[in-house]
Amino acid sequence: MSKLSVQKADVKGKKVLLRCDFNVPYDDEGNISDTRRIDESLKTINYLISNGARVIMCSHFRRPDGVYSNEFSLKKVAKCLSEKLGKNVPISSDVVGESAQSLASSLSDGDVCLLENLRFEIGEQENDIEFAKKLSSLADLYVNDAFGTCHRVHASIVGVPKFLKSYCGFLIQKEIQAISGVIENPIRPFISILGGAKVSDKIGVIANLVDKVDAFVVGGGMTYTFMNALGYQVGDSICETSKLSLAKDILSLTKEKGVKLLLPVDSKLGKEYSPNTETKIVDSDKIPNGWQGLDIGPKTIELFSEELKKAGSVLWNGTMGVSEWDAFSNGTFSLARALAKSNAKVVVGGGDTAAAVFRSGVADKMYHISTGGGSSLQFLEGKELPGLSVLPDD
Ligand code: AMP
């Protein structure tokens with residue numbers, strides 16, 4: 001898949017509406033705690049600036065649901081962008097009103113500005129055509145670089161391209177090339193690591209990858225549905241009882257297709273679902289009632305790491321345990337370190353998994369860490385992303 005690149009646009013002197021994904025996490029003090037999505041947008045912003053465009057950036061931030069409030073303002077993002085770009089990034093006080101219009105028309109070639117949070121207007125999430133038209137009227141061209149939002153049928157993603165000549169930015173190109181490159185042309189053995197809370201979230205990925213991978217390595221909460229389907233007791237571990245027959249079907253399908261599916265042989269249990277709870281490590285067939293599996297155990301770490309050593313390429317989506325909590329992060333961190341030592345081309349998707357890989361300190365050893373959570377998951381499911389479908393092909 002190749003989309004018409006911003007490099008093919010004549011941007012000099014043009015007002016360019018640049019859709020970014022600045023939906024960044026904040027810490028307890030209300031400061032941006034991870035600027036990766038901003039950093040990853042800089043290449044396209046700088047390209048537009050240096051080619052004389054008048055850049056009107058826009059993004060959503062969380063879910064203000066059409067109500068203006070300081071809490072959801074993008075002012076801190078504008079400040080961060082000013083520092084990173086080394087130039088003032090003014091922000092409008094509305095999205096498509098007088099403030100946005102006068103700011104957009106005041107720009108000179110090479111200037112940038114930011115519109116307030118798109119979701120202050122309810123028309124954004126409702127994909128309202130009138131809102132899309134108003135947003136489009138601010139600019140001459142549209143560039144989408146918000147990979148993390150391309151799975152949303154929202155006005156700034158799928159509505160605006162109806163009114164403006166549209167292109168994709170460098171981040172979208174990088175994401176498409178990295179993820180589809182591994183899926184379509186993997187170095188073998190090709191292994192998919194799947195984890196996270198629920199099996200139901202990953203069924204689509206398994207279905208899409210089962211004919212492509214050589215092995216699945218499965219951890220996280222979804223493990224216990226598989227274990228239960230195999231007849232093991234899983235204590236109080238997260239288990240989707242309505243998905244037991246589906247789990248059995250997946251196990252038979254992978255067997256039929258000759259695709260290896262590795263499950264944990266031991267787990268680190270917690271007495272309660274809490275970061276400081278009492279813990280113990282047991283084999284997979286010995287999980288007692290009153291305890292729940294919250295991470296993979298040391299034997300599993302060894303087993304999975306041995307398997308991953310041989311990998312040519314790896315697609316990883318979903319953590320091996322509750323990696324947000326120190327007591328249950330070792331499984332995820334250990335696999336990240338094992339991958340860092342391997343020669344595999346590793347593509348990581350999913351917000352929690354990406355965050356864990358960063359915290360493990362080996363993020364720089366990964367081939368690609370997607371900035372998209374839901375969008376990268378849909379990509380792995382082989383589904384078309386609405387925001388990409390509307391962009392012209394190259
Ligand atoms: P996902 O977004 O599907 O990648 O899932 C990540 C989430 O799964 C994280 O919030 C983890 O805390 C959660 N998770 C992983 N393993 C477990 C587990 N064994 N029990 C409960 N939650 C888990």
Candidates Ser41, Ser82, filtered to the one that is part of a helix (DSSP H, G or I), assigned by TED's automatic domain parsing to the domain that holds His154, closer than 21 Å to Gly372 by Cα and hydroxyl-bearing (Ser, Thr, Tyr) | Ser41
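Within the stretch 233-260, can you find the residues that are more than 12 Å from the ligand (Cβ to nearest atom) and within 18 Å of Asp285 (Cβ to Cβ)? Working first, answer last.
Here is the first cut: in the stretch 233-260, the ones more than 12 Å from the ligand (Cβ to nearest atom) are 233, 241-260.
Listed by number, the residues that qualify are Gln233, Leu244, Ala247, Lys248, Leu251.
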When both residues are 6+ apart or on different chains and their Cβ atoms are under 7 Å apart, which pairs have a first residue that lies in the stretch 306-330 and is part of a strand (DSSP E or B), and a second that is away from the ligand (no atom under 12 Å from the Cβ) and of a type in the set (Ser, Thr, Tyr)?
-> Leu315/Ser192
So which residues in the stretch 163-172 are surrounded by fewer than 23 Cβ atoms within 10 Å (Cβ to Cβ), out of contact with any strand residue (DSSP E or B) (no Cβ under 6 Å at 6 or more places or on another chain) and in contact (Cβ under 8 Å) with a residue 40 or more places away in the chain, if there are any at all?
-> Phe170
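Of all residues in the stretch 10-24 being farther than 24 Å from Glu384 by Cα and among the aliphatic types (A, V, I, L, M), which is surrounded by the most Cβ atoms within 10 Å (Cβ to Cβ)?
Going through the stretch 10-24, the residues farther than 24 Å from Glu384 by Cα turn out to be 10-16, 24.
Restricting the remaining residues to those that are among the aliphatic types (A, V, I, L, M) gives 11, 16, 24.
Working: Val11: 23, Val16: 25, Val24: 19.
My answer is Val16.
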Collect the residues in the stretch 106-126 that are touching a strand residue (DSSP E or B) at 6+ places or on another chain (Cβ under 9 Å), in contact (Cβ under 8 Å) with a residue 24 or more places away in the chain and of a type in the set (Gly, Ala, Ser), keeping them in residue-number order.
-> Ser108, Gly110
Selection status of Ala340, closer than 17 Å to Gly220 by Cα and either assigned by TED's automatic domain parsing to the domain that holds Asn208 or not aromatic (Phe, Trp, Tyr) (or both) | no
Of the listed residues (Ser252, Ser334, Ser274, Ser267), the one being among the polar types (S, T, N, Q) and assigned to a strand (DSSP E or B) is Ser267
Matching residues in the stretch 347-368 - criterion: being more than 13 Å from the ligand (Cβ to nearest atom) and closer than 17 Å to Glu381 by Cα = Val347
Identify the single condition in (1) modelled with pLDDT under 95; (2) of a type in the set (A, V, I, L, M); (3) touching a Pro at 6+ places or on another chain (Cβ under 7 Å) that Leu377 does not satisfy, given that it satisfies every other one.
-> (3)
Of all residues in the stretch 302-334, which are in contact with a strand residue (DSSP E or B) (Cβ under 9 Å, 6 or more places away or on another chain), of a type in the set (Gly, Ala, Ser) and more than 13 Å from the ligand (Cβ to nearest atom)?
-> Ala311, Gly312, Ser313, Ser334
Scope the stretch 366-386; condition touching a Ser or Thr at 6+ places or on another chain (Cβ under 9 Å) and under 22 Å from Glu306 (Cα atoms); matching residues | Tyr367
Quick check: anything in the stretch 217-232 outside any loop (DSSP other than H, G, I, E, B), more than 15 Å from the ligand (Cβ to nearest atom) and within 23 Å of Leu380 (Cβ to Cβ)?
-> yes
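Residues Leu48, Leu118, Leu107, Leu114: which one is within 27 Å of Asp10 (Cβ to Cβ), surrounded by fewer than 19 Cβ atoms within 10 Å (Cβ to Cβ) and aliphatic (A, V, I, L, M)?
Values: Leu48 fails: surrounded by fewer than 19 Cβ atoms within 10 Å (Cβ to Cβ); Leu118 fails: surrounded by fewer than 19 Cβ atoms within 10 Å (Cβ to Cβ); Leu114 fails: surrounded by fewer than 19 Cβ atoms within 10 Å (Cβ to Cβ).
Answer to the check: Leu107.
Kindly indicate which of Ser180, Ser156 is more than 13 Å from the ligand (Cβ to nearest atom), crowded, with 21+ Cβ neighbours inside 10 Å and over 16 Å from Ile296 (Cβ atoms).
Working: Ser180 fails: crowded, with 21+ Cβ neighbours inside 10 Å.
Only one candidate qualifies: Ser156.
Please go through the stretch 191-200 and give me each residue that is within 9 Å of the ligand (Cβ to nearest atom), surrounded by 17 or more Cβ atoms within 10 Å (Cβ to Cβ) and at negative phi, ordered by number.
So the first thing to find is which residues in the stretch 191-200 are within 9 Å of the ligand (Cβ to nearest atom), and the list is 194-198.
With the extra rule that they be surrounded by 17 or more Cβ atoms within 10 Å (Cβ to Cβ), the set shrinks to 194-196.
Matches in the stretch 191-200: Leu194, Gly195.
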Search the stretch 203-235 for residues being within 16 Å of Gly321 (Cα to Cα) and in contact with a helix residue (DSSP H, G or I) (Cβ under 7 Å, 6 or more places away or on another chain), and hand back the single one that is surrounded by the fewest Cβ atoms within 10 Å (Cβ to Cβ).
-> Val234
Residues in the stretch 110-134 that are over 17 Å from Phe61 (Cα atoms) and outside any loop (DSSP other than H, G, I, E, B) total 7
Answer yes if at least one residue in the stretch 164-186 is outside any helix (DSSP H, G or I) and closer than 25 Å to Lys255 by Cα, and no otherwise.
-> yes
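The values are calculated or read from the model by the stated rules, or taken from the named source; none is laboratory data. Computed from a prediction, not measured in an experiment: that's the story for all the values here. All Cβ positions, even for glycine, are placed from backbone atoms using ideal geometry, and neighbour counts span all protein chains on display.
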